[in-house]
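Asker: I'd like to ask some things about the structure below.
The values are calculated or read from the model by the stated rules, or taken from the named source; none is laboratory data. From a predicted model like this one, the values you see are computed outputs, not experimental measurements. Virtual Cβ from ideal backbone geometry, glycine too; neighbours counted across all protein chains shown.
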Ligand SMILES: Nc1nc2c(ncn2[C@@H]2O[C@H](COP(=O)(O)OP(=O)(O)OP(=O)(O)O)[C@@H](O)[C@H]2O)c(=O)[nH]1
Ligand SMILES: Nc1nc2c(ncn2[C@@H]2O[C@H](COP(=O)(O)OP(=O)(O)OP(=O)(O)O)[C@@H](O)[C@H]2O)c(=O)[nH]1
Ligand SMILES: [K+]
Ligand SMILES: [Mg+2]
Ligand SMILES: [Mg+2]
């Protein structure tokens with residue numbers, strides 16, 4: 001019979017690593033309990049082995065086999081439509097610019113829709129991104145109806161036969177029901193042209209436990225298909241996506257690694273888990 | 001969504017009512033529940049640790065009063081400790097003896113600095129000042145324009161001599177803004193800066209350069225109430241990199257518990273001066289420690 005060779009200090013260290021990365025109490029407790037069982041079965045003896053086990057378990061929680069591809073190809077004679085949503089300042093507009101850059105690099109034609117008609121200079125910011133990566137931006141009147149702008153953008157993209165239309169939306173806190181209704185309307189109005197292919201929720205890696213609530217409410221409103229985890233180039237580990245994945249099953253698809261057009265990368269569960277656990 | 005601390009403690013103390021003094025086991029069980037509540041509120045781990053030590057110390061020494069049940073008593077202690085850390089003396093903006101007073105804003109990307117510049121502008125104007133907003137974010141696409149728009153909404157002037165989007169030297173703009181403010185008789189200068197990461201040495205040096213160019217009377221660290229465990233690392237990096245004299249907590253109109261308030265206050269010792277509570281320029285208030293304590297505890 002295998003006996004526990006790891007000390008309580010080892011376990012405390014694992015727990016603190018996860019908590020310090022914003023994985024949260026519930027997910028951390030579950031992971032640590034499962035690891036304890038596994039370590040007994042595998043007769044894990046050293047802290048180093050334990051670290052590998054943590055990485056493996058975290059990777060497993062993140063669903064390594066999930067489909068994380070972005071649906072951005074024309075289909076049924078229509079452009080793919082991507083809607084980008086999230087709370088204020090998370091990195092939506094920047095992410096739209098970066099995704100456009102990747103698509104243009106792949107030889108695709110892209111159109112941007114500036115459905116943030118609220119924040120000061122938001123449409124200009126998106127248009128600047130468009131110019132940077134060489135794509136056009138459809139914009140509306142300041143303070144105008146965001147759903148109409150989104151509708152117009154998709155209509156224009158359909159006529160121009162582009163591959164993808166990327167719609168940027170205004171930042172909104174999930175607690176503001178009026179703004180969440182507005183977002184739902186943006187999606188419904190766009191769907192008059194056909195189904196939306198991707199709804200990307202942008203989550204800032206520095207976000208704490210509120211991230212799960214954000215993901216839950218946004219997905220109730222507009223059926224999020226994937227998360228983009230931004231600002232991972234900082235010191236934050238972004239562990240909240242572990243809880244998001246575990247509770248809601250929404251996969252992270254992309255990560256943001258800076259403010260430049262090329263600072264976007266696919267999400268790789270194992271590399272993410274390695275970085276979260278660190279070298280300690 | 002989370003269980004409140006009072007619910008948790010009530011469970012711990014079921015059947016304990018009127019027991020006189022809390023045993024060590026009671027206190028340990030209590031400490032575990034407080035720890036979970038604070039972690040769920042995003043209070044940073046090292047801060048949780050020292051906070052709990054302080055609470056345990058007090059709980060051990062205190063007599064369980066007849067009027068309050070043990071749970072209520074502990075909550076009272078936790079609440080008092082929280083308010084103690086968050087509050088201290090409430091500090092107002094320190095105005096310079098000789099105009100202009102300079103307020104510099106610094107923080108992570110997307111925290112709410114530019115919006116805050118507009119809010120401060122509006123607020124200062126209402127108090128009879130003539131603020132000038134200075135556009136030193138020459139990096140983020142259309143940040144200069146964004147500041148100009150919020151200045152317009154606030155009905156205050158803006159100094160934006162450079163177009164930004166990568167063009168212009170923020171340190172030079174900051175330096176020139178002081179002369180400009182004197183010439184144009186503005187008595188408060190609010191310097192908006194680009195968002196930057198704590199570990200970005202180059203941009204942190206730029207922030208220090210802006211600081212040295214304007215010698216701020218107040219440097220406000222702007223931090224998103226939704227931030228999690230990274231609050232300590234980031235606050236420390238800004239304190240070492242630029243230094244700050246006050247904190248502004250933003251996006252408090254959401255439902256994040258805002259444990260960062262405790263973390264930042266605890267590790268930097270700097271007071272939280274203002275709360276930002278919405279996207280509109282009027283959504284701005286001085287900071288209320290008692291409200292924040294109840295919020296962190298989920299009450
Ligand atoms: N370091 C870093 N900064 C980022 C990243 N993504 C975005 N940013 C910065 O974060 C700030 C906010 O980005 P935006 O794209 O404007 O965010 P948003 O969600 O569109 O904001 P709102 O529309 O105001 O809600 C900007 O300063 C961006 O340059 C990232 O991956 N890393
Ligand atoms: N709900 C809410 N939104 C806020 C608050 N303060 C700012 N915002 C929003 O947060 C987003 C980012 O605000 P900015 O003022 O652009 O933030 P910043 O720190 O200047 O961002 P960078 O310059 O890119 O670093 C915008 O959508 C603002 O409208 C607040 O208190 N509540
Ligand atoms: K990181
Ligand atoms: Mg935006
Ligand atoms: Mg700004």
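Asker: What's the total number of residues in the stretch B:212-233 that are more than 22 Å from residue B:252 (Cα to Cα) and in contact with a helix residue (DSSP H, G or I) (Cβ under 7 Å, 6 or more places away or on another chain)?
Answerer: Looking only at that region, the number is 2.
Asker: Additional query: Can you confirm whether the stretch A:239-252 contains a residue that is farther than 28 Å from residue B:143 by Cα, in contact with a strand residue (DSSP E or B) (Cβ under 6 Å, 6 or more places away or on another chain) and either part of a helix (DSSP H, G or I) or within 16 Å of ligand 5 (Cβ to nearest atom) (or both)?
Answerer: Yes, some residue in the stretch A:239-252 is farther than 28 Å from residue B:143 by Cα, in contact with a strand residue (DSSP E or B) (Cβ under 6 Å, 6 or more places away or on another chain) and either part of a helix (DSSP H, G or I) or within 16 Å of ligand 5 (Cβ to nearest atom) (or both).
Asker: In the stretch B:105-132, which residue that is within 12 Å of chain A (Cβ to nearest Cβ) and not in a helix (DSSP H, G or I) is nearest to ligand 4 (Cβ to nearest atom)?
Answerer: Step by step, filter the stretch B:105-132, then rank; the result is B:110.
Asker: Within the stretch A:162-205, track down each residue that is more than 19 Å from the chain's Cα centre (by Cα) and closer than 14 Å to residue A:81 by Cβ.
Answerer: Hits for the stretch A:162-205 are A:162, A:163, A:186, A:188, A:189, A:190, A:191, A:192, A:193, A:194, A:195.
Asker: Considering only residues that are in a helix (DSSP H, G or I), away from ligand 5 (no atom under 15 Å from the Cβ) and under 26 Å from the mean Cα position of the chain (by Cα), which ones fall in the stretch B:179-208?
Answerer: Answer for the stretch B:179-208, where residues must be in a helix (DSSP H, G or I), away from ligand 5 (no atom under 15 Å from the Cβ) and under 26 Å from the mean Cα position of the chain (by Cα): B:201, B:202, B:204, B:205, B:208.
Asker: For residues in the stretch A:219-238 being more than 7 Å from chain B (Cβ to nearest Cβ) and within 18 Å of residue B:228 (Cβ to Cβ), which is nearest to ligand 5 (Cβ to nearest atom)?
Answerer: That would be A:230.
Conditions (1) more than 16 Å from ligand 5 (Cβ to nearest atom); (2) modelled with pLDDT of 95 or more; (3) buried (at least 22 other Cβ atoms within 10 Å of the Cβ), marked per residue:
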position	(1), (2), (3)
B:37	yes, no, yes
B:62	yes, no, no
B:66	yes, no, no
B:73	yes, no, no
B:105	no, yes, yes
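Asker: So, in the stretch B:133-164, of the ones that are within 14 Å of chain A (Cβ to nearest Cβ) and part of a strand (DSSP E or B), which residue ends up farthest from residue B:193 (Cα to Cα)?
Answerer: B:158
Asker: I've got another one for you. When you go through A:252, A:186 one by one, which is the residue that is over 23 Å from residue A:32 (Cβ atoms) and touching a residue at least 24 places away in the same chain (Cβ under 8 Å)?
Answerer: A:186
Asker: Restricting to the stretch B:266-277, count the residues that are within 23 Å of residue A:174 (Cβ to Cβ) and buried (at least 19 other Cβ atoms within 10 Å of the Cβ).
Answerer: 2
Asker: Looking only at the stretch A:175-207, which residues are assigned to a helix (DSSP H, G or I) and either surrounded by 23 or more Cβ atoms within 10 Å (Cβ to Cβ) or touching a helix residue (DSSP H, G or I) at 6+ places or on another chain (Cβ under 6 Å) (or both)?
Answerer: Matches in the stretch A:175-207: A:180, A:183, A:184, A:185, A:186, A:187, A:189, A:190, A:193.
Asker: Continuing with this model, one more query. Out of the stretch B:263-278, which residues are within 12 Å of another protein chain (Cβ to nearest Cβ) and more than 14 Å from ligand 2 (Cβ to nearest atom)?
Answerer: B:263 - this is the single residue of the stretch B:263-278 that is within 12 Å of another protein chain (Cβ to nearest Cβ) and more than 14 Å from ligand 2 (Cβ to nearest atom).
Asker: Every residue in the stretch B:225-257 that is at the interface with another protein chain (Cβ under 7 Å from one of its Cβ atoms) and on the phi < 0 side of the Ramachandran plot, please.
Answerer: Passing the criteria: B:226, B:227, B:228, B:229, B:230, B:233, B:234, B:253, B:254, B:255, B:256.
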